[in-house]
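Take a look at this one; I'll ask things after.
Please treat every number below as a calculation from the coordinates, not as lab data. None of the values given here were measured: they were computed from a predicted structure. Glycine also receives a Cβ, built like all others from the backbone with ideal geometry; neighbour counts cover every protein chain displayed.
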Protein chains: 2
Amino acid sequence: MSLIDKLQWRYATKKFDHTKKLSAEQLETLLTAIQLAPSSYGLQSYKVLVVEDPETRERLREAAYGQSQLTEASQVLVFASKTTIDAELVTDFIGSVAKTREIGTEHLEAYKQVIMGAVNNLAEDQKINWSHKQAYLALGVLLTTAAEMGVDACPMEGFAAGKFDEILGLKEKGLTTAVIATIGFRAAEDDFSKLAKVRRSKEELFIHV
Amino acid sequence: MSLIDKLQWRYATKKFDHTKKLSAEQLETLLTAIQLAPSSYGLQSYKVLVVEDPETRERLREAAYGQSQLTEASQVLVFASKTTIDAELVTDFIGSVAKTREIGTEHLEAYKQVIMGAVNNLAEDQKINWSHKQAYLALGVLLTTAAEMGVDACPMEGFAAGKFDEILGLKEKGLTTAVIATIGFRAAEDDFSKLAKVRRSKEELFIHV
């Protein structure tokens, strides 16, 4: 099966088979894909919560209009943006670049100033939007990788972000929920898996210039 | 090579080899991946411009701080969000669901009302942000698919969106630039391809609950 066939195969899973869990290796592969996702300047201004605790998942389900994926999927992944994007974050990132590439931070001063300039140009709500967008990019990498592996997933926006933040103690961690994905394996009886995929035609979606 | 190895292999390409172009088949595969990307409610509230015209690309380059990828890559893909997300868009989408799944729109009335409720709940700037986030998700699908195929890409935010909108005549089309990606093949002399990838450690990026 080509990757395109696998992207055809995937769908936003409504009913997971709660008896099927990802293997430790499958979960690790998906987390590695998220880790490798690109982000603006490489800042990765988000964290990802891997939620398995049943009690927490019950509470998250309540805060997500009772949707069953929250408790029936193998794991719940919560993409949470950092609420403070400032000089400290940039300095920390530059330190990480210097360490990984084994160069002195003095060689990265110009790069640091470019990032600082970009960050300082954004108002607080723009910073959160910016981080949220990076989280969605990582979500796209996750969903494609899951499809490639034959793992089911459901990207979800239908939840009360404020309640998620509260349940997961995100405010204290300087984080706020951007978007979530549930991962696992579809239940045989999920009729949504049998529906034809609806997508705009290429003529409608693309404009050639 | 596993997909993870390919995600390691990919990087934000700074110098493309302008003599190498994607085959028609490769381009088609990437566009199909974008077409298959999931989006909120399936609305796909964006279009993607596939820019090949040299003159237009010169102008886009000027509006992107002179970055060479705009003219040296094989294609420039511009993800552009719809500026009007309203009842008409939702009705049009529901019509498309009915047609694809061969059911009457009367069976989709409840679903339509759910989407209408969500759309009506958002202020104009929130709608654009929402669409932009969906475009970033599609960008993540594109970048992962490109990596899987051994095609290079560079996701880019460093451009004047207003100027892009003007050059591409997007305002008249009810669109505004969200993010862009250049695609093609890396130049042998792009030193950035040789740098170690900088990513947060898993301990730093993930929180297990």
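Expected output is a single nm value to one decimal: the length gained when fully extending between B:Lys163 and B:Gln113, i.e. 0.36 nm times separation in residues minus the C-alpha distance. What is it?
14.3 nm is the gain from fully extending B:Lys163 to B:Gln113.
Let me ask you something else. If we hang a label 7 Å off Cα along the beta carbon direction at B:Asp191, how far is it from the matching labels on the other copies, in nm, shortest first?
From this label point to the equivalent ones elsewhere in the assembly: 6.2 nm.
What does the copy distance list look like for B:Gly104, label position 7 Å along Cα→Cβ, in nm and ordered from shortest?
7.8
Run down the lysines and flag those whose C-alpha is under 20 Å from the C-alpha of B:Lys47, throwing out any fewer than 8 positions away in its chain.
A:Lys133, A:Lys197, A:Lys202, B:Lys82, B:Lys127, B:Lys133, B:Lys163, B:Lys171, B:Lys173
Over the Cα atoms of the protein assembly as shown, compute the convex hull volume and normalise it per residue, giving Å³.
Taking only Cα atoms, the protein assembly as shown has a hull volume of 142 Å³ per residue.
State to the nearest 20 debye the size of the charge dipole of the protein assembly as shown about its Cα centre, where the only charges are +1 on K and R beta carbons and -1 on D and E beta carbons.
Taking the Cα centre of the protein assembly as shown as origin, the dipole is about 320 debye.
Every other copy gets compared here: list the nm distances from the A:Asp125 label point (7 Å along Cα to Cβ) to its counterparts, shortest first, one decimal.
0.4
May I ask which residue of A:Thr100, A:Thr84, A:Ala153 lies farthest towards the positive end of the charge dipole of chain A, with charges of +1 (Lys, Arg) and -1 (Asp, Glu) on Cβ and the Cα centre as origin?
Positive-end residue among those listed: A:Ala153.
Highest mean first, how do B:57-68, B:137-148 rank when packing is the count of other Cβ atoms within 10 Å averaged over residues?
Per-residue mean Cβ counts within 10 Å order the peptides as B:137-148, B:57-68.
Also: Partner chain Cβ atoms within 10 Å, averaged over the residues of B:141-150 - can you pull that number for me?
5
What's the minimum Cβ distance from chain A to the axis relating it to B, in whole Å, and which residue gives it?
Taking Cβ atoms only, the nearest residue and its distance are A:Gly140, 1.
Can you tell me which of B:202-209, B:29-36 comes out highest on packing, and rank the rest after it, using the mean Cβ neighbours within 10 Å?
The packing order, highest mean first, is B:29-36, B:202-209.
Hey, what's the per residue convex hull volume over the C-alpha atoms of chain A, in cubic angstrom?
Per residue, the Cα convex hull of chain A comes to 174 Å³.
Also: In peptide A:29-42, what is the residue-averaged number of other protein chain Cβ atoms found within 10 Å of each Cβ?
Mean partner-chain Cβ count within 10 Å for A:29-42: 6.
Right, something else. In nm, give the distance between the simple-model label positions of B:Asp92 and B:Glu124, each being 7 Å from the Cα along the Cα-to-Cβ direction.
Result for the modelled spin labels: 1.9 nm.
In addition: With label points built 7 Å along Cα→Cβ from the Cα atoms of B:Glu62 and A:His18, find their separation and express it in nm.
6.2 nm
List every DSSP H helix in chain A whose Cα atoms extend 30 Å or more along the helix's own long axis and whose mean Kyte-Doolittle hydropathy is at least -1.0.
Within chain A the helices that satisfy the rule are A:124-149.
For region A:1-29 and region B:92-148, write down the distance between their C-alpha centroids in whole Å.
22 Å
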